[in-house]
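This report refers to the structure that appears directly beneath it.
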Amino acid sequence: MNDREIIRLEQFRQLKKEIRGSGEHLIIGIDVAKQKHNAFLGTATGKTLLKRLVFENNKEGFEKLLMHVESISASNGHKKVAFGLEPTANYHKPLAEFLINKKHDLVLVSGVAVKRNRELLDGRWDKNDMKDSANVADLISQGKCLFYEYPTHVLRDLRGLLSLKKKFKKIEHGFRVRIRNHLLAQFFPELDRYYGHSESENLAIVRWCLSPSKIAEMKYEDFFQLVTTRDRGFRQHQRLKAIWDSAHCSIGCSTGIAAEFEAEVLVEALKRARETIGSINEKVREICILFPEYKYLLSIPGFGPVVSAIVLAAIGDPFRFESGNQVLKTAGWDLNANRSGKRSDSVTPVISKRGKADLRYGLYQAALVASTKNKHFTSWFIEKLRGREKEKGIKTKMRVKLAAKLLVIAWTLMKKKEPFNPELLKIKK
């Protein structure tokens, strides 16, 4: 963590301790929008100093905000100023960077907290920009705010690329589903049973001969040459011969110009999406190498380049977390239970899932690989299952537990800058 972020984090922790009932803090709650922001200025004791200030999302508007803040702060004798905002898409980031560069205290207010606190203000759920800025200020005055992380450019680049990759993965999945559930379901339903094998050949069939009647008119040797790039042996011929035979008695609808054009467009678009994802993966790898912690993450069994990049982006600076429990909350692996009434003592806690879903998914895959491929993790997994083998879903639960342990191990290695040591897996008696 750089010196500025260390100072900001210490200031945030101090703010959380002293903000309740403070008479020396001026609180500015900001409701963020695309073009114009709304600000509310008040005190931690509940006094309203400026009910509404609307300012543009540009430098002139930001300076207007600071001018009003300095004026009110000076006239009321406030020694400290705390800005707070609720993140709205990416619209808050220019304002946040401007305030941080001006060395102002900036905190984040959770959207969930804003929603739940809205009704507490006046007993109604009514929502508008002016009330939301007052809502943000009210939450700050209670100390119900979060640290606004301002990562380095390299970390921001990594997070941005992973977000871009996620978008393209959704696009790729959409093309795949459209090909299989729209084109094949109508025009060549028999191909679907073979679709899980050699997708490149399946795409070639969709691209060049979507209509089964066109395949039926070909000799098998011509069909084979059209949809393959090389001869892979008996099993390949067996599969393609079965597809060729099924085309002769297919129940698929007759194709037209539009269907063939759609098949061409979808296949080419799918290939381009995959090429783009490959380029993004390469760029992600180049950025990850710049982090000294990356090689230590790769030393953990089950951690490949993809999972390591996800964990690295999620944790960022490991020193901003004070304990492993905070790291688990980032992934949504903290345990929660509704303990109320007669059954409060027998309730089984479940994970909150309030954190990063991509992080949970990636770590579960790492746990799945580690528990089956690595002898140390396999021993840990077997020991955890001992005596509970017949419980329903116990393997999944233990892999989730292993995934959570992997996250804490990754955080520990990033802090200590050392490779994985199997001693970290010792089971406490």
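The values are calculated or read from the model by the stated rules, or taken from the named source; none is laboratory data. Computed from a predicted structure; not experimentally measured. Because the Cβ atoms are built from the backbone with ideal geometry, glycine has one as well, and the counts that use them run over all protein chains shown.
Looking at the structure I just gave you, is Ser279 surrounded by 15 or more Cβ atoms within 10 Å (Cβ to Cβ), assigned to a helix (DSSP H, G or I), among the hydroxyl-bearing types (Ser, Thr, Tyr) and modelled with pLDDT of 95 or more?
When the stated conditions are applied, Ser279 does not pass them.
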Task: Among the residues listed as Val154, Val114, the single one being part of a helix (DSSP H, G or I), free of Cβ contacts under 8 Å to residues at least 40 places away in the same chain and under 26 Å from Glu322 (Cβ atoms) - done: Val114
Open item on the list: Quick check on my filter: what residues within the stretch 217-246 are exposed (fewer than 15 other Cβ atoms within 10 Å of the Cβ) and either at positive phi or touching a residue at least 40 places away in the same chain (Cβ under 8 Å) (or both)?
Closed with: Gly233, Ala242
Open item on the list: Which of the numbered conditions does Leu183 fail, given that it passes all the others? Conditions: (1) within 30 Å of Arg320 (Cα to Cα); (2) over 16 Å from the mean Cα position of the chain (by Cα); (3) in a helix (DSSP H, G or I).
Closed with: (1)
TODO: Give the stretch 186-234 a look and list any residue that's basic (Lys, Arg) and outside any loop (DSSP other than H, G, I, E, B), or say none.
DONE: Arg193, Arg207, Lys214
TODO: With respect to Ile72, determine if the residue is of a type outside the set (Ser, Thr, Tyr) and over 30 Å from Thr330 (Cα atoms).
DONE: yes
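Of a type outside the set (Asp, Glu), out of contact with any Pro (no Cβ under 9 Å at 6 or more places or on another chain) and not in a helix (DSSP H, G or I), is that true of Leu15? Let's see the steps before the verdict.
Details: of a type outside the set (Asp, Glu): yes; out of contact with any Pro (no Cβ under 9 Å at 6 or more places or on another chain): yes; not in a helix (DSSP H, G or I): no.
So Leu15 fails the test.
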Task: Val369 vs. criteria of a type outside the set (Phe, Trp, Tyr) and surrounded by 14 or more Cβ atoms within 10 Å (Cβ to Cβ) - done: yes
TODO: Starting from the stretch 29-53, keep only residues that are touching a residue at least 40 places away in the same chain (Cβ under 8 Å) and under 17 Å from Val81 (Cα atoms), then list their pairs with residues that are of a type in the set (Ser, Thr, Tyr) and in a strand (DSSP E or B) whose Cβ atoms are within a distance under 7 Å, requiring at least 6 positions of separation or different chains.
DONE: Gly42/Thr48
TODO: With the checklist (1) buried (at least 19 other Cβ atoms within 10 Å of the Cβ); (2) touching a residue at least 60 places away in the same chain (Cβ under 8 Å); (3) farther than 15 Å from Phe12 by Cβ in hand, flag the one item Val107 doesn't pass.
DONE: (3)
TODO: Go through Glu119, Glu63 for me and flag whichever is of a type in the set (Asp, Glu), farther than 23 Å from Leu9 by Cα and modelled with pLDDT of 95 or more.
DONE: Glu63
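Working carefully through the options Lys51, Lys64, find the one that is assigned to a helix (DSSP H, G or I) and either aromatic (Phe, Trp, Tyr) or surrounded by fewer than 17 Cβ atoms within 10 Å (Cβ to Cβ) (or both).
Just a single option satisfies the conditions, and that option is Lys64.
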- [ ] Only residues that are surrounded by 21 or more Cβ atoms within 10 Å (Cβ to Cβ) and either of a type in the set (Gly, Ala, Ser) or in a loop (DSSP other than H, G, I, E, B) (or both): list them for the stretch 79-88, please.
- [x] Ala82, Gly84, Glu86
Open item on the list: Restricting to the stretch 296-324, give me the number of residues that are among the basic types (Lys, Arg) and at pLDDT 95 or above.
Closed with: 0
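Give the residue that is nearest to the chain's Cα centre (by Cα), with candidates limited to residues of the stretch 318-357 that are exposed (fewer than 10 other Cβ atoms within 10 Å of the Cβ), among the polar types (S, T, N, Q) and under 23 Å from Ile394 (Cα atoms).
Among them, the one singled out is Thr348.
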Open item on the list: Against the condition in contact (Cβ under 8 Å) with a residue 12 or more places away in the chain, assigned by TED's automatic domain parsing to the domain that holds Pro212 and either closer than 30 Å to Leu363 by Cβ or surrounded by 17 or more Cβ atoms within 10 Å (Cβ to Cβ) (or both), how does Ala269 come out, does it pass?
Closed with: no
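Condition check ((1) of a type outside the set (Gly, Ala, Ser); (2) part of a helix (DSSP H, G or I)) across all residues:
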residue	(1), (2)
Asp345	yes, yes
Arg399	yes, yes
Ala403	no, yes
Val408	yes, yes
Pro419	yes, no
Glu423	yes, yes
Open item on the list: Out of Ile72, Ile30, I need the residue that is in the same structural domain as Asp122 (by TED's automatic domain parsing) and closer than 20 Å to Tyr148 by Cα. Which one?
Closed with: Ile30
Open item on the list: If I filter the stretch 378-396 for residues that are at pLDDT 90 or above, surrounded by fewer than 16 Cβ atoms within 10 Å (Cβ to Cβ), in the same structural domain as Leu298 (by TED's automatic domain parsing) and within 25 Å of Ile315 (Cα to Cα), do I get at least one hit?
Closed with: yes
